[in-house]
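Below you'll find the structure, written out as C-alpha cells, and then a few comments.
Values quoted throughout were computed directly from the atomic coordinates according to the rules given, and no laboratory measurement underlies them. Source: prediction; values computed, not measured.
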Amino acid sequence: MKNLLFLLLNLCLVAGASAQQTRPVGSHQAPANWTPNTQTNFASASDAKLYAQQIVDVVGLKANFELMPARVDNAAAVTYGGRRYVLYNPNFINALVQKTGNKWAAISVLAHEIGHHLNGHTVTMNGSHPATELEADEFSGFVLRKMGASLTDAQAAMQLLASQTASRTHPARQDRLAYIAKGWQNAGGNAMRDVAVQRTPQSAPVQEPVYQQAPIERQPATASRSIIGTVRFDASPNSRYFVTDNYQVVQVQNQVAKPVAKVARMNDSRFPYVIYDEQNTKLIVSATGAIYTTNGRQVGSMRAYNG
C-alpha cells in the first residue's frame, strides 16, 4: 500500500509536472545525464561503500542515498528521478589519493558529498551556495575525526582542490579549511591521530546534525505524547493531522493516532523544517508554516498547537 504522505503529495501535484533534473551540490557542474562506471579501483567499490557506511555510522544516521561510481567530473551529491545519489569518478578519487599520498583525502570527499544529503541541502535542489558548502566541509571535518583522522588528514583534499579565492557558489580555500577545522574540533573526545581507517564500522557519541532522518515509529502515538503542532493538507482538508513532541506527524481517526511521517529541522531560515515519510517523500515547511513540494507548489500548512 502506498504511503499516505506520498498519496497526499500526488493529489496536490499538477498533472504532467516536469521530471526532476540532476542537480549536484558541490564543486561540480550538473551533468545532463550520467551512467554508472563499472571500472573502479578506489581500492575497490566495496571499500567506497564501507567508508560511506562508516561516515553515516559515526553520526548515528541511516544512509538516505545510494553511492555509485559514475562518469562525472569528480564527485557530486545529486537528486535524480526522485532518488538521492552520491556519485564519484574513480579515476578522480584515485588520482587524489596519489597526489596527496593520503587515503583520508578520498574519504573526506565522500564525507563532504554525504554531508550535503544528510544536512538537507538537496531537498530544495537550489544548487551550490557558499553557506551550504561550508556546512558540508564542517560535517566532513567532524566525521573524519570520529573515524580517526588527524586535522591534517581531514584537510588534505581541500588543500589541493579548493580555489584560493571565493566564487559565487564556493568559499575561498582558507574559509573551507577553517570550517573543516571547526568540525574536527567539535568532534572532541579522544580521537585517534594519524591511524589507518578501521575495517569495521565504529560507533561514537551522536551529535545531531542539521537534518536528522529518524525512523518513523510503527506504533500509534499514545496519550503520553504531547501535541505541539497541527498540519493541514489541501488535498485532505477534513482530515486531522498533528505533530507530537517526538516530531511524529500523526493522523487521528476515530480517536486513534496513526503515525504517517516525521518532522526534522533544516539549517535554512526560509524553510526551517522538512516533513518526510518512509518512502523518502519530502515536503518543506516555510518560516510562516506553509508546506511546499520540492518543486515549489504549496500543498498545506503547519501551525503551532494552541490547545
| message | Quick check on my link table: of Lys49/Lys282; Lys103/Lys146; Lys62/Lys146; Lys62/Lys262; Lys49/Lys146, which ones sit more than 19 Å apart, alpha carbon to alpha carbon? | response | Lys49/Lys282
| Using the Karplus equation 6.51 cos²θ - 1.76 cosθ + 1.60 (θ = phi - 60°), what ³J(HN,Hα) coupling, rounded to whole Hz, does each residue of the range 284-301 give in order, writing x for Gly and Pro? | 10, 10, 6, 5, 8, x, 6, 9, 10, 6, 5, 8, x, 9, 6, 10, x, 8
| Taking the range 227-304, how much of its Cα-Cα pair set, in percent, is spaced more than 16 angstrom apart? | 46
